[in-house]
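Take a look at the structure set out below.
The values are calculated or read from the model by the stated rules, or taken from the named source; none is laboratory data. Just so it is clear, the model here is predicted, and its values are computed rather than measured. Glycine gets a Cβ as well: all are built from the backbone with ideal geometry, and neighbour counts include every protein chain shown. The accessibility values were calculated without ligands, DNA or RNA, using every heavy atom of the protein model including side chains. Shrake-Rupley method; radii C 1.70, N 1.55, O 1.52, S 1.80 Å.
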Amino acid sequence: MNPFIIVCAVLLGLMLIEAALLVHSMLVSLYRYRNIVLTGSMLATLLLLSYMAVYGILADPGVRGAEPIITLLHRAPRDFAHAAIWVIYTLGGLMFVSNLALAKHEGARPKNFVGTFMGVFAILGTGIVYYAAEWLDVLRTDIPALHIFADFLSLFMYCALDYMECIMFGMIIMGAVAAKWIPVYDKDYIIIPGCSIRKDGGLFPLIRGRVNKAIRYAWDQETATDKKVCFIPSGGKGTNEVMSEGSAMEFYLLSHGAESDEVFAEKDSSNTYENFLFSKKIIDKLKPNARVAFSTTNYHVLRCGMLAKRIGFEHVEGIASRTKWYFWPNGFAREVVAILSLNAKWQVTAALIVAAACLGLSL
(Lines give C-alpha, C1' and ligand atoms only; values in the text may rest on other atoms or scores of the structure.)
Protein backbone atom coordinates (compact mmCIF):
# COMPACT_ATOMS: atom_id res chain seq x y z
CA MET A 1 0.00 0.00 0.00
CA ASN A 2 1.14 3.54 -0.73
CA PRO A 3 2.75 4.83 2.50
CA PHE A 4 1.26 8.28 1.87
CA ILE A 5 -2.22 6.79 2.15
CA ILE A 6 -1.27 5.18 5.46
CA VAL A 7 0.13 8.45 6.82
CA CYS A 8 -2.96 10.40 5.71
CA ALA A 9 -5.23 7.78 7.29
CA VAL A 10 -3.29 8.06 10.56
CA LEU A 11 -3.52 11.86 10.49
CA LEU A 12 -7.25 11.70 9.77
CA GLY A 13 -7.73 9.33 12.68
CA LEU A 14 -5.69 11.63 14.91
CA MET A 15 -7.85 14.59 13.93
CA LEU A 16 -11.01 12.65 14.79
CA ILE A 17 -9.55 11.77 18.19
CA GLU A 18 -8.65 15.43 18.77
CA ALA A 19 -12.19 16.46 17.81
CA ALA A 20 -13.70 13.94 20.26
CA LEU A 21 -11.38 15.14 23.04
CA LEU A 22 -12.28 18.75 22.27
CA VAL A 23 -16.02 18.08 22.43
CA HIS A 24 -15.60 16.26 25.75
CA SER A 25 -13.43 19.05 27.16
CA MET A 26 -15.90 21.74 26.11
CA LEU A 27 -18.74 19.85 27.73
CA VAL A 28 -16.77 19.96 30.99
CA SER A 29 -16.11 23.70 30.59
CA LEU A 30 -15.71 26.27 27.83
CA TYR A 31 -13.00 27.98 29.85
CA ARG A 32 -10.13 25.49 29.67
CA TYR A 33 -6.77 26.11 28.06
CA ARG A 34 -6.79 22.56 26.76
CA ASN A 35 -9.67 23.61 24.48
CA ILE A 36 -7.32 26.12 22.85
CA VAL A 37 -4.56 23.50 22.60
CA LEU A 38 -6.88 20.92 21.05
CA THR A 39 -8.28 23.44 18.57
CA GLY A 40 -4.78 24.51 17.57
CA SER A 41 -3.70 20.86 17.38
CA MET A 42 -6.62 20.05 15.09
CA LEU A 43 -5.61 22.95 12.84
CA ALA A 44 -2.00 21.71 12.72
CA THR A 45 -3.13 18.15 11.94
CA LEU A 46 -5.46 19.40 9.20
CA LEU A 47 -2.65 21.43 7.63
CA LEU A 48 -0.26 18.47 7.77
CA LEU A 49 -2.92 16.12 6.39
CA SER A 50 -3.57 18.48 3.47
CA TYR A 51 0.16 18.87 2.90
CA MET A 52 0.79 15.13 2.80
CA ALA A 53 -2.31 14.43 0.70
CA VAL A 54 -1.40 17.00 -1.93
CA TYR A 55 2.17 15.72 -2.11
CA GLY A 56 0.91 12.13 -2.36
CA ILE A 57 -1.30 13.09 -5.31
CA LEU A 58 1.40 15.07 -7.11
CA ALA A 59 4.29 12.72 -6.35
CA ASP A 60 5.61 10.18 -8.79
CA PRO A 61 3.44 7.05 -8.39
CA GLY A 62 6.61 5.00 -8.38
CA VAL A 63 7.89 6.63 -5.20
CA ARG A 64 7.56 4.25 -2.27
CA GLY A 65 9.09 3.83 1.15
CA ALA A 66 9.41 5.93 4.27
CA GLU A 67 12.26 8.19 3.16
CA PRO A 68 10.11 10.67 1.16
CA ILE A 69 7.69 10.90 4.10
CA ILE A 70 10.50 11.64 6.57
CA THR A 71 11.78 14.30 4.17
CA LEU A 72 8.31 15.85 3.98
CA LEU A 73 7.88 15.84 7.76
CA HIS A 74 11.22 17.60 8.00
CA ARG A 75 10.27 20.15 5.34
CA ALA A 76 6.67 20.83 6.40
CA PRO A 77 7.48 23.07 9.42
CA ARG A 78 9.59 25.33 7.20
CA ASP A 79 6.85 25.63 4.56
CA PHE A 80 4.21 26.29 7.23
CA ALA A 81 6.44 28.88 8.92
CA HIS A 82 6.91 30.63 5.60
CA ALA A 83 3.14 31.00 5.33
CA ALA A 84 2.80 31.86 9.03
CA ILE A 85 5.20 34.78 8.84
CA TRP A 86 3.05 36.52 6.25
CA VAL A 87 -0.06 35.91 8.32
CA ILE A 88 1.66 37.53 11.31
CA TYR A 89 2.87 40.44 9.18
CA THR A 90 -0.70 40.99 7.93
CA LEU A 91 -2.18 40.82 11.43
CA GLY A 92 0.49 43.24 12.68
CA GLY A 93 -0.44 45.70 9.94
CA LEU A 94 -4.14 45.39 10.71
CA MET A 95 -3.35 45.93 14.40
CA PHE A 96 -1.61 49.19 13.54
CA VAL A 97 -4.58 50.38 11.44
CA SER A 98 -7.08 49.49 14.17
CA ASN A 99 -5.01 51.34 16.77
CA LEU A 100 -5.00 54.47 14.63
CA ALA A 101 -8.80 54.30 14.53
CA LEU A 102 -8.87 53.65 18.29
CA ALA A 103 -6.68 56.68 18.99
CA LYS A 104 -8.84 58.83 16.73
CA HIS A 105 -12.09 57.87 18.49
CA GLU A 106 -10.91 57.28 22.07
CA GLY A 107 -7.87 59.55 22.37
CA ALA A 108 -4.14 59.06 21.85
CA ARG A 109 -3.51 57.51 25.26
CA PRO A 110 -0.58 55.10 25.71
CA LYS A 111 -2.82 52.13 26.47
CA ASN A 112 -4.59 52.66 23.14
CA PHE A 113 -1.33 51.83 21.37
CA VAL A 114 -0.62 48.58 23.21
CA GLY A 115 -1.74 46.63 20.16
CA THR A 116 0.63 48.60 17.94
CA PHE A 117 3.59 47.90 20.23
CA MET A 118 2.68 44.22 20.37
CA GLY A 119 2.19 44.10 16.59
CA VAL A 120 5.63 45.63 16.00
CA PHE A 121 7.16 43.26 18.55
CA ALA A 122 5.46 40.26 16.89
CA ILE A 123 6.64 41.33 13.43
CA LEU A 124 10.22 41.96 14.52
CA GLY A 125 10.38 38.89 16.75
CA THR A 126 8.87 36.63 14.12
CA GLY A 127 11.17 38.04 11.45
CA ILE A 128 14.26 37.53 13.60
CA VAL A 129 13.31 33.94 14.49
CA TYR A 130 12.33 33.07 10.92
CA TYR A 131 15.40 34.48 9.22
CA ALA A 132 17.68 33.07 11.93
CA ALA A 133 16.13 29.69 11.19
CA GLU A 134 16.66 30.29 7.47
CA TRP A 135 20.33 31.07 8.11
CA LEU A 136 20.75 27.96 10.25
CA ASP A 137 18.92 25.94 7.62
CA VAL A 138 21.46 27.02 5.02
CA LEU A 139 24.41 26.64 7.37
CA ARG A 140 25.85 23.19 7.00
CA THR A 141 29.26 21.91 8.06
CA ASP A 142 31.21 18.75 7.68
CA ILE A 143 31.23 18.32 11.46
CA PRO A 144 28.31 15.93 12.24
CA ALA A 145 27.55 17.38 15.68
CA LEU A 146 27.34 20.95 14.38
CA HIS A 147 25.29 19.79 11.42
CA ILE A 148 22.76 18.09 13.71
CA PHE A 149 22.66 21.07 16.08
CA ALA A 150 22.03 23.59 13.25
CA ASP A 151 19.39 21.30 11.76
CA PHE A 152 17.68 20.84 15.14
CA LEU A 153 17.72 24.55 16.02
CA SER A 154 16.33 25.71 12.67
CA LEU A 155 13.60 23.05 12.78
CA PHE A 156 12.72 24.02 16.36
CA MET A 157 12.41 27.72 15.39
CA TYR A 158 10.12 26.87 12.48
CA CYS A 159 7.97 24.67 14.73
CA ALA A 160 7.83 27.40 17.40
CA LEU A 161 6.38 29.83 14.84
CA ASP A 162 3.89 27.21 13.66
CA TYR A 163 2.91 26.45 17.27
CA MET A 164 2.27 30.10 18.12
CA GLU A 165 0.14 30.60 15.02
CA CYS A 166 -1.98 27.52 15.77
CA ILE A 167 -2.40 28.57 19.41
CA MET A 168 -3.35 32.10 18.36
CA PHE A 169 -6.04 30.80 15.99
CA GLY A 170 -7.16 28.40 18.72
CA MET A 171 -7.66 31.41 21.01
CA ILE A 172 -9.59 33.28 18.32
CA ILE A 173 -11.91 30.32 17.72
CA MET A 174 -12.49 29.47 21.38
CA GLY A 175 -12.81 33.16 22.25
CA ALA A 176 -15.55 33.49 19.63
CA VAL A 177 -17.33 30.38 20.94
CA ALA A 178 -17.18 31.69 24.52
CA ALA A 179 -18.42 35.11 23.44
CA LYS A 180 -21.36 33.66 21.48
CA TRP A 181 -22.41 31.32 24.28
CA ILE A 182 -25.78 32.10 25.87
CA PRO A 183 -25.87 31.09 29.56
CA VAL A 184 -28.70 29.04 30.98
CA TYR A 185 -31.34 31.15 32.78
CA ASP A 186 -30.70 29.76 36.26
CA LYS A 187 -28.22 32.24 37.72
CA ASP A 188 -28.19 33.68 41.21
CA TYR A 189 -25.54 36.36 40.67
CA ILE A 190 -23.88 38.24 37.84
CA ILE A 191 -20.33 39.51 38.40
CA ILE A 192 -19.42 42.60 36.35
CA PRO A 193 -15.62 43.10 36.21
CA GLY A 194 -14.69 46.76 36.16
CA CYS A 195 -12.48 48.87 33.95
CA SER A 196 -11.71 52.58 33.68
CA ILE A 197 -14.46 55.11 34.49
CA ARG A 198 -14.80 58.80 33.66
CA LYS A 199 -13.32 61.52 35.84
CA ASP A 200 -16.83 62.43 37.04
CA GLY A 201 -17.64 58.83 37.97
CA GLY A 202 -19.65 58.13 34.83
CA LEU A 203 -19.17 55.00 32.78
CA PHE A 204 -17.18 54.84 29.57
CA PRO A 205 -18.89 52.93 26.72
CA LEU A 206 -16.80 49.81 27.37
CA ILE A 207 -17.82 49.34 31.00
CA ARG A 208 -21.34 50.63 30.33
CA GLY A 209 -21.74 47.88 27.74
CA ARG A 210 -20.88 45.27 30.37
CA VAL A 211 -23.44 46.63 32.82
CA ASN A 212 -26.14 46.98 30.18
CA LYS A 213 -25.58 43.39 29.07
CA ALA A 214 -25.93 42.22 32.67
CA ILE A 215 -29.17 44.19 33.06
CA ARG A 216 -30.54 42.69 29.83
CA TYR A 217 -29.64 39.16 30.93
CA ALA A 218 -31.30 39.69 34.32
CA TRP A 219 -34.44 40.92 32.55
CA ASP A 220 -34.47 37.97 30.14
CA GLN A 221 -33.96 35.46 32.96
CA GLU A 222 -36.76 36.91 35.09
CA THR A 223 -39.06 37.00 32.06
CA ALA A 224 -38.26 33.39 31.13
CA THR A 225 -38.13 31.78 34.59
CA ASP A 226 -39.46 34.36 37.08
CA LYS A 227 -36.13 34.04 38.91
CA LYS A 228 -34.37 37.23 39.95
CA VAL A 229 -30.62 37.64 39.74
CA CYS A 230 -28.42 39.87 41.88
CA PHE A 231 -25.50 41.99 40.64
CA ILE A 232 -21.89 42.06 41.87
CA PRO A 233 -20.27 45.10 40.21
CA SER A 234 -16.57 44.68 40.92
CA GLY A 235 -13.66 47.11 40.84
CA GLY A 236 -11.59 49.26 43.17
CA LYS A 237 -10.63 52.92 42.94
CA GLY A 238 -7.78 53.78 40.60
CA THR A 239 -5.32 56.57 41.33
CA ASN A 240 -7.00 58.84 38.79
CA GLU A 241 -10.59 57.86 39.59
CA VAL A 242 -12.99 59.81 41.79
CA MET A 243 -14.63 56.63 43.14
CA SER A 244 -14.32 52.89 42.90
CA GLU A 245 -15.45 51.24 39.71
CA GLY A 246 -17.76 49.03 41.77
CA SER A 247 -19.48 52.12 43.19
CA ALA A 248 -19.82 53.74 39.78
CA MET A 249 -21.48 50.62 38.38
CA GLU A 250 -23.66 50.35 41.49
CA PHE A 251 -25.02 53.86 40.97
CA TYR A 252 -25.66 53.09 37.31
CA LEU A 253 -27.53 49.88 38.18
CA LEU A 254 -29.67 51.60 40.79
CA SER A 255 -30.50 54.41 38.37
CA HIS A 256 -31.60 51.84 35.78
CA GLY A 257 -34.14 49.92 37.82
CA ALA A 258 -32.15 47.62 40.10
CA GLU A 259 -33.24 47.45 43.74
CA SER A 260 -30.78 48.20 46.53
CA ASP A 261 -31.07 44.61 47.85
CA GLU A 262 -30.10 43.27 44.41
CA VAL A 263 -26.72 45.03 44.17
CA PHE A 264 -23.67 44.02 46.22
CA ALA A 265 -20.73 46.11 45.06
CA GLU A 266 -17.16 44.88 45.45
CA LYS A 267 -14.88 47.93 45.80
CA ASP A 268 -11.38 46.70 46.62
CA SER A 269 -10.08 44.75 43.61
CA SER A 270 -7.33 46.07 41.36
CA ASN A 271 -7.29 43.51 38.53
CA THR A 272 -9.45 40.84 36.91
CA TYR A 273 -8.20 38.06 39.16
CA GLU A 274 -9.15 40.04 42.25
CA ASN A 275 -12.52 40.94 40.67
CA PHE A 276 -13.46 37.28 40.82
CA LEU A 277 -11.61 36.43 44.04
CA PHE A 278 -13.22 39.20 46.10
CA SER A 279 -16.61 38.75 44.42
CA LYS A 280 -16.52 35.05 45.34
CA LYS A 281 -16.01 35.97 49.00
CA ILE A 282 -19.15 38.13 48.85
CA ILE A 283 -21.18 35.44 47.09
CA ASP A 284 -20.01 32.66 49.43
CA LYS A 285 -21.28 34.67 52.40
CA LEU A 286 -24.62 35.31 50.72
CA LYS A 287 -25.24 31.94 49.09
CA PRO A 288 -22.60 29.19 48.94
CA ASN A 289 -22.55 27.10 45.75
CA ALA A 290 -24.54 29.76 43.91
CA ARG A 291 -24.88 29.65 40.14
CA VAL A 292 -22.92 32.56 38.75
CA ALA A 293 -22.56 34.38 35.46
CA PHE A 294 -20.21 37.21 34.59
CA SER A 295 -20.74 40.02 32.12
CA THR A 296 -17.74 41.41 30.29
CA THR A 297 -16.54 42.58 26.89
CA ASN A 298 -16.49 39.92 24.14
CA TYR A 299 -12.71 39.65 23.83
CA HIS A 300 -12.40 39.29 27.62
CA VAL A 301 -14.85 36.42 28.19
CA LEU A 302 -12.46 33.51 27.67
CA ARG A 303 -9.80 34.69 30.13
CA CYS A 304 -12.42 35.73 32.69
CA GLY A 305 -13.88 32.23 32.54
CA MET A 306 -10.43 30.70 33.04
CA LEU A 307 -9.78 32.90 36.07
CA ALA A 308 -13.22 32.19 37.53
CA LYS A 309 -12.68 28.43 37.22
CA ARG A 310 -9.20 28.72 38.71
CA ILE A 311 -10.54 30.65 41.71
CA GLY A 312 -13.15 27.98 42.37
CA PHE A 313 -16.43 28.90 40.68
CA GLU A 314 -17.97 25.55 39.77
CA HIS A 315 -21.00 26.80 37.85
CA VAL A 316 -19.99 29.87 35.86
CA GLU A 317 -20.88 31.14 32.40
CA GLY A 318 -19.96 34.31 30.55
CA ILE A 319 -22.13 36.97 28.97
CA ALA A 320 -20.43 38.98 26.23
CA SER A 321 -21.01 42.63 25.45
CA ARG A 322 -19.97 44.04 22.11
CA THR A 323 -17.29 46.60 21.50
CA LYS A 324 -16.26 48.79 18.59
CA TRP A 325 -14.36 47.02 15.80
CA TYR A 326 -11.29 49.17 16.35
CA PHE A 327 -11.11 48.33 20.06
CA TRP A 328 -11.30 44.55 19.71
CA PRO A 329 -7.78 43.94 18.23
CA ASN A 330 -6.14 46.02 20.95
CA GLY A 331 -8.03 44.20 23.69
CA PHE A 332 -7.54 40.77 22.16
CA ALA A 333 -3.78 41.31 21.83
CA ARG A 334 -3.54 41.85 25.58
CA GLU A 335 -5.68 38.76 26.17
CA VAL A 336 -3.33 36.57 24.11
CA VAL A 337 -0.35 37.54 26.25
CA ALA A 338 -2.34 37.21 29.49
CA ILE A 339 -3.70 33.75 28.60
CA LEU A 340 -0.26 32.48 27.57
CA SER A 341 1.20 33.77 30.85
CA LEU A 342 -1.67 32.29 32.83
CA ASN A 343 -0.86 28.88 31.35
CA ALA A 344 2.94 29.07 31.33
CA LYS A 345 3.31 25.39 32.28
CA TRP A 346 1.55 24.42 29.06
CA GLN A 347 4.08 26.46 27.05
CA VAL A 348 7.02 24.77 28.77
CA THR A 349 5.52 21.33 28.17
CA ALA A 350 4.82 22.15 24.51
CA ALA A 351 8.37 23.44 24.03
CA LEU A 352 9.82 20.19 25.44
CA ILE A 353 7.58 18.02 23.24
CA VAL A 354 8.41 20.04 20.12
CA ALA A 355 12.12 19.96 20.95
CA ALA A 356 12.05 16.18 21.35
CA ALA A 357 10.25 15.75 18.01
CA CYS A 358 12.66 18.11 16.24
CA LEU A 359 15.67 16.32 17.71
CA GLY A 360 14.29 12.99 16.50
CA LEU A 361 13.87 14.32 12.96
CA SER A 362 17.37 15.84 13.02
CA LEU A 363 19.22 12.70 14.07
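Applying a threshold of 6 Å to beta carbon distances and a minimum spacing of six or more residues, or different chains, the list of pairs starting in the range 276-295 at a residue that is within 10 Å of Lys187 (Cβ to Cβ) and ending at one that is open to solvent by 50 Å² or more (accessible area, probe 1.4 Å) reads Arg291/His315.
Among the residues of the range 190-227, which ones are touching a Cys at 6+ places or on another chain (Cβ under 9 Å), over 20 Å from Glu262 (Cβ atoms) and touching a residue at least 40 places away in the same chain (Cβ under 8 Å)? Scanning the range 190-227 gives a single hit, Leu206.
Which residue out of Leu21, Leu46 is open to solvent by 70 Å² or more (accessible area, probe 1.4 Å), closer than 30 Å to His315 by Cα, at pLDDT 90 or above and touching a helix residue (DSSP H, G or I) at 6+ places or on another chain (Cβ under 8 Å)?
Leu21
For Glu165, are the conditions met, namely being open to solvent by less than 20 Å² (accessible area, probe 1.4 Å), modelled with pLDDT under 95 and among the charged types (D, E, K, R)?
In short, no.
Could you tell me whether any residue of the range 318-330 is under 30 Å from Asn99 (Cα atoms), surrounded by 21 or more Cβ atoms within 10 Å (Cβ to Cβ), modelled with pLDDT of 95 or more and not hydrophobic (A, V, I, L, M, F, W, C)? Checked the range 318-330: at least one residue is under 30 Å from Asn99 (Cα atoms), surrounded by 21 or more Cβ atoms within 10 Å (Cβ to Cβ), modelled with pLDDT of 95 or more and not hydrophobic (A, V, I, L, M, F, W, C). Return yes or no: is Leu363 crowded, with 17+ Cβ neighbours inside 10 Å and aliphatic (A, V, I, L, M)? No. Considered as a group, the residues in the range 234-265 that are of a type in the set (Val, Ile, Thr) and touching a strand residue (DSSP E or B) at 6+ places or on another chain (Cβ under 9 Å) include one that is most open to solvent (accessible area, probe 1.4 Å), and that residue is Val242. Return the residue satisfying two criteria in turn: it lies in the range 273-304 and is of a type in the set (Ser, Thr, Tyr) and open to solvent by less than 10 Å² (accessible area, probe 1.4 Å), and of such residues it is nearest to Ile173 (Cα to Cα). Applying the filter and picking the extreme gives Thr297.
Of the residues Glu245, Glu241, the single one that is at negative phi and more than 26 Å from the chain's Cα centre (by Cα) is Glu241. Screening Val28 with (1) over 22 Å from Val316 (Cα atoms); (2) free of Cβ contacts under 8 Å to residues at least 60 places away in the same chain; (3) of a type in the set (A, V, I, L, M) gives one miss only, at (1).
Within the range 188-209, the set of residues being in a loop (DSSP other than H, G, I, E, B) and surrounded by fewer than 24 Cβ atoms within 10 Å (Cβ to Cβ) comprises Asp188, Cys195, Ser196, Arg198, Lys199, Asp200, Gly201, Gly202, Phe204. Name the residue that is nearest to Thr323 (Cα to Cα), counting only residues in the range 191-249 that are of a type in the set (D, E, K, R) and out of contact with any helix residue (DSSP H, G or I) (no Cβ under 9 Å at 6 or more places or on another chain). Checked the range 191-249; the qualifying residue nearest to Thr323 (Cα to Cα) is Lys213. When Thr116 is tested against (1) at pLDDT 75 or above; (2) surrounded by 20 or more Cβ atoms within 10 Å (Cβ to Cβ); (3) of a type in the set (Ser, Thr, Tyr); (4) out of contact with any Pro (no Cβ under 9 Å at 6 or more places or on another chain), just one condition goes unmet, and that condition is (1).
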